[in-house]
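Read the structure below first, then the notes.
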Amino acid sequence: MKKKGLLFLICSVIVLFGAGEAMADAPKGFGISAAYATTSLSKDKLTDEEYKGNSIPPFGLDYQWALGKSFSLGITGSEFGLTSITYASIPEIKLAKIDSLGFETNLWFDSFFVGLHLTQYSVVFLREDASIYAIGMKSGAGGVIGIEGKSGWFVKLRTDSSKDLTTDKEPVVDLNGFQLHFGYRWK
C-alpha cells in the first residue's frame, strides 16, 4: 500500500508543478508494442502453494487521444500467457493466460511522459486440452513512464498490481510486476 501512496504523491507533484513545463502537442494515434514482462501470479492464497511456470512475452495495443497540449488519454490492452503451470493440489491446471484492458493518462514533457493507468485484469486458468478451468477478473492501478520520439517509436515501463484476484474456483492469487514495452505509434 505504501508503494501506491508514494506513486500517487510523485505523480500529483509532477502534475501540479510540472504542467507549466509540459510539451506542446501530446502524441495521438494507434500504437502496437512487444514487451518484456515480470508480471506474474503469486502463490495460491487458499493453499499457500506456489506455481511453477514460464512466461510468454506479451504484446500490447493502444490508442491515444491528445487532451490539450500536454495531456493524453488512451485505451490500452495487452495479452500474455504463462505456460507449464502446475499446482500440486490442482493437477488439472496446465496453462494460465492474463489479459488486461484499461485507461491510461499521461503528462508529457517534450518526448518524455509519466502517467497512471486503471486496468481490468482477467486471468484464465486452462486445462491441458485448452478448456477453461477457472476465470477471475479484478481491477488494479499502476504507474507509467516512458519516452516517445517524433518518428513514432516509443519505450514505456508500466507497473501492474491487482490484489486478491479470485476465480470461480481456486486458486486465489495476486498479480504483480512490470511490463517494458517497445513499440510504434502511427500518427
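Filtering segment 95-105 to residues that are under 30 Å from Lys169 (Cα atoms) and modelled with pLDDT of 90 or more leaves Leu101, Gly102, Phe103. Note on segment 169-187: residues that are buried (at least 16 other Cβ atoms within 10 Å of the Cβ), at pLDDT 90 or above and not in a strand (DSSP E or B) total 0. For segment 126-140, the count of residues that are within 23 Å of Ser33 (Cβ to Cβ), modelled with pLDDT under 90, aliphatic (A, V, I, L, M) and not in a strand (DSSP E or B) is zero.
Checked against (1) of a type in the set (Ser, Thr, Tyr); (2) at pLDDT 90 or above; (3) within 12 Å of the chain's Cα centre (by Cα), Ser78 passes all but condition (2). For segment 106-131, filtering for residues that are free of Cβ contacts under 8 Å to residues at least 60 places away in the same chain, within 19 Å of Leu175 (Cα to Cα) and not aromatic (Phe, Trp, Tyr) leaves 7.
Taking each residue of segment 162-174 that is over 12 Å from Ile135 (Cβ atoms) and in contact (Cβ under 8 Å) with a residue 12 or more places away in the chain and looking for partners that are part of a loop (DSSP other than H, G, I, E, B) and among the small types (Gly, Ala, Ser) with beta-carbon atoms closer than 7 Å, six or more apart or interchain, yields Val173/Ser42; Asp174/Ser42. Once segment 80-119 is narrowed to residues that are among the hydroxyl-bearing types (Ser, Thr, Tyr) and exposed (fewer than 15 other Cβ atoms within 10 Å of the Cβ), the residue that is farthest from Glu50 (Cα to Cα) is Ser111.
Select from segment 48-67 the residues that are surrounded by fewer than 18 Cβ atoms within 10 Å (Cβ to Cβ), modelled with pLDDT of 75 or more and over 20 Å from Trp108 (Cβ atoms) and list them in ascending order. Those that are surrounded by fewer than 18 Cβ atoms within 10 Å (Cβ to Cβ), modelled with pLDDT of 75 or more and over 20 Å from Trp108 (Cβ atoms): Asp48, Phe59, Leu61.
The values are calculated or read from the model by the stated rules, or taken from the named source; none is laboratory data. Everything quoted here is computed from the prediction, not taken from an experiment. We place every Cβ from the backbone using ideal geometry, glycine too, and count neighbours over all the protein chains shown.
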